[in-house]
Amino acid sequence: MKWEEFIKVAGDLPVIDTEILLTGVSSPEPVKVQISRWHKSGKLIQVKRGIYLLAEVYRKVKVYEPYVASLLKRPSYISLEKAFAYYGLIPEAVPVYTSITTKRPGRFVSEIGVFDYRHIKDSLFWGYESVNMNGQTAFMAFPEKALLDLIYLNGMNISLEYLKELRLQNVKKINLDKLFKYAERFKSPGISLAAEVVKKYVNSYKDEEKIL
C-alpha cells in the first residue's frame, strides 16, 4: 500500500486502530510493515501498539485527547485531577490524563500526551458520563465520583487542610446529595467520613463567597 492510498483510507480518522483498519485485508502483514516504516519516518505517531495518529501535517481531523484516553484501555473513564480540571474545580491545567479502569494499571507516553490508568474493582466502576467533541466520544467521571475516586485510590485521610491545598474551587458544581449517595455505594466507613469532610469544605467555601 502506498502512502497516498493509506491517506485516502485513514485521512479522516482521528485515531488509527490498525486491528480495525486491516479487518478484511487479505494480506495485512505487508501493510503492517509499511505502517512501521511510516512511524519511523515520522508520518505516523504511535500512542501504543496498534494505535496511531497521523502526523499533524497530514491530519484532517483535530484529535480530542479524552477520546484517545478512552481507546487506549477499555473500559475506562477520566477521573481524579484531570476531571477536576475539566469541570473547573481546580485552577491549574493538568497535563496527565488519569483514567480509571477495571483492567491492569498502566501508562502510555506519546507526543500527544501522557495517559495514566489506575485500577479499580468492578463494583466501583460507575459514576461517569459520555462527552463528545467533533464526533469523538470519551467518558468523564462526574465531579462527585472523581473526588471519591481520589480519596479511595490514594488511601489518605482527607482533611479540610488537604482540600485547601488541592485548591478546590467552583464547589457549587459538587452536588452534595449525589456525593453522599455515591459514598454509600462504596460501602466504606472511611469514604463516608471523607464525604462529611468534603461537605464541610463545600459549605465553608460557600460561606466565604457570601462574605466576599
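Please work out the FRET efficiency for the pair S41 and N132, using the Cβ-Cβ distance as r and a Förster radius of 30 Å; give the result to the nearest 0.05.
Values: r = 33 Å, r/R0 = 1.10.
So the FRET efficiency works out to roughly 0.35.
Measure nothing but the geometry: give the 0 to 90° angle between the long axis through the Cα atoms of 189-211 and the longest principal axis through the Cα atoms of the chain, rounded to 10°.
80
So for each of 181-188, 117-124 I average, over its residues, the number of other beta carbons within 10 Å; can you give me the resulting order with the highest mean first? Walk me through the intermediate numbers first.
Details: 181-188: 15.9, 117-124: 14.1.
The densest-packed peptide leads the list: 181-188, 117-124.
Okay, helix-only estimate at 222 nm for the chain: each DSSP H run of n ≥ 4 adds -39500 (n - 2.57), divide by all residues, round to 500 deg cm²/dmol; what do you get?
Working: 9 runs with 95 residues, N = 212.
Per the formula, -13500 deg cm²/dmol.
Just to be sure I understand: with springs between alpha-carbon atoms less than 10 Å apart, which residue in L179, L71, L163 has the highest mean-square fluctuation in the Gaussian network model of the chain?
L163
Evaluate the Debye formula for the chain with equal point scatterers sitting on the alpha carbons, no solvent, and hand back log10 of I(q)/I(0) at q = 0.08 Å⁻¹, in q order, two decimals.
These q points yield log10 I(q)/I(0) values of -0.36.
Which of F6, F115 has the fewest other C-beta atoms within 10 Å, and how do the rest follow up to the most?
Values: F6 20, F115 27.
In increasing order of surrounding Cβ atoms, one gets F6, F115.
For each of T98, T23, count neighbouring Cβ atoms within 10 Å of the residue's Cβ, then give the residues from fewest to most.
Numbers: T98 24, T23 9.
Ordered from fewest to most neighbouring Cβ atoms within 10 Å, T98, T23 come out as T23, T98.
When DSSP beta bridges are limited to those with both residues in the chain, what percentage is antiparallel, rounded to the nearest 5? Walk me through the numbers on the way to the answer.
Working: 20 of 27 bridges.
The antiparallel proportion sits near 75 percent.
Taking the Cα centre of each part, how many Å lie between the stretch 97-165 and the stretch 1-80?
That distance is 25 Å.
Taking the highest mean first, how do the peptides 143-153, 30-40 order by number of other beta carbon atoms within 10 angstrom per residue? Don't skip to the answer; put the middle values down first.
Working: 143-153: 23.1, 30-40: 14.2.
By packing density, highest mean first, the sequence is 143-153, 30-40.
Of the residues G88, G155, G190, which exhibits the maximal mean-square fluctuation in a Gaussian network model of the chain defined by a 10 Å Cα contact cut-off?
Of G88, G155, G190, the most mobile in the Gaussian network model is G155.
Kirkwood Rh over alpha-carbon pairs of the stretch 3-90, then Stokes-Einstein at 10 °C and 1.306 mPa s: what D in µm² s⁻¹, rounded to an integer? Spell out each step's value before the answer.
On the way: Rh = 14.4 Å.
The calculation lands on 110 µm²/s.
Sequence-distant or interchain residues sharing an amide H contact under 5 Å with S188, placed H: which?
Hits under the 5 Å cutoff: none.
Specify which residue in the list S192, Y152, T137 is farthest towards the positive end of the charge dipole of the stretch 95-206, using unit charges on the beta carbon of Lys, Arg (+1) and Asp, Glu (-1), about the Cα centre.
Sorting the options by dipole projection puts first S192.
For the pair Q34 and V114, what calculated FRET efficiency results from E = 1/(1 + (r/R0)^6), where r is the Cβ-Cβ distance and R0 = 30 Å, to the nearest 0.05?
Numbers: r = 28 Å, r/R0 = 0.94.
The computed FRET efficiency comes out at 0.60.
Going by how many other Cβ atoms sit within 10 Å of their own, how do I51, I158 line up, fewest first? If you can, show how the numbers build up before the last one.
Values: I51 18, I158 21.
Placing the least packed residue first, the sequence is I51, I158.
Read-outs: derived from the displayed coordinates by stated rules, not from any lab. Model, not experiment: these values are computed from the prediction. Positions of Cβ are backbone-derived with ideal geometry, glycine not excepted, and every protein chain shown enters the neighbour counts.
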